[in-house]
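What follows is a set of notes on a single structure, which appears directly below.
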Amino acid sequence: MLSVGDTAPDFTATDCHGATFRLSSLRGRRVVLFFFPKAFTVGCTIENRAFRDNHELLEGLGAELVGVSVDTQRTQCEFAEAEGIHFSLLGDADRSISRAYDVLWPVLNVDRRVTFILGADGRVEEVIRHEVRVYRHLDDVLRYLRANPLPAP
């Protein structure tokens, strides 16, 4: 798994609007990249709703929000529509993104619940892991962003 200071691997995926999403296109902005096991499951729905409900707050703190799971793009889009999610949710059915970030459970072959806060330079600033306490991801992200504001432009 990536550690603080590592350069985040770039990746390309298709978002729910059919557009190509490339992580490197967000350079210059802080990114909250969170991995979750499966769309439409209880814990993942709770986690995504918490991020959804605080999306504007996170943007106000200078962070772009991106979620990834091993679901298909279609499933992610259905999940985003059902939950009213407007940030990027990306399907990683071939698990290439998950492998690059080393977040797959070995036997289950689904993502661990891991959140990476990436700096404007594309390096990992913080790694947050809570498998069961799903609200802790948002709480810890907010705590980190408030304690480490980006320099004024």
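Match the structure shown to one of the listed values [x] -0.30, -0.36, -0.94, -1.22; [y] -0.51, -0.58, -0.99, -1.13; [z] -0.40, -0.47, -1.01, -1.20 of log10 I(q)/I(0) by the Debye sum over Cα atoms at q = 0.10, 0.11, 0.17, 0.19 Å⁻¹, computed from it, and give that label. Here log10 I(q)/I(0) by the Debye sum over Cα atoms at q = 0.10, 0.11, 0.17, 0.19 Å⁻¹ agrees with entry [x]. Mind jotting down the distance between the C-alpha centroids of segment 60-122 and segment 1-54, whole Å? Between the Cα centres of segment 1-54 and segment 60-122 lies a distance of 4 Å. Is the shape of segment 14-63 best called rounded, prolate or oblate, per the rule: a/c under 1.5 gives rounded, else a/b larger than b/c gives prolate, else oblate, with a ≥ b ≥ c the square roots of the Cα gyration tensor eigenvalues? Oblate, because a/c is 1.5 or more while a/b does not exceed b/c.
Summing Cβ point charges (Lys, Arg +1; Asp, Glu -1) relative to the Cα centre of the chain gives a dipole of roughly 240 debye.
A short reminder: the numbers here are calculations on the coordinates, not readings from a lab. Predicted model, so just to flag it, every value in this text is computed and none were measured. We place every Cβ from the backbone using ideal geometry, glycine too, and count neighbours over all the protein chains shown.
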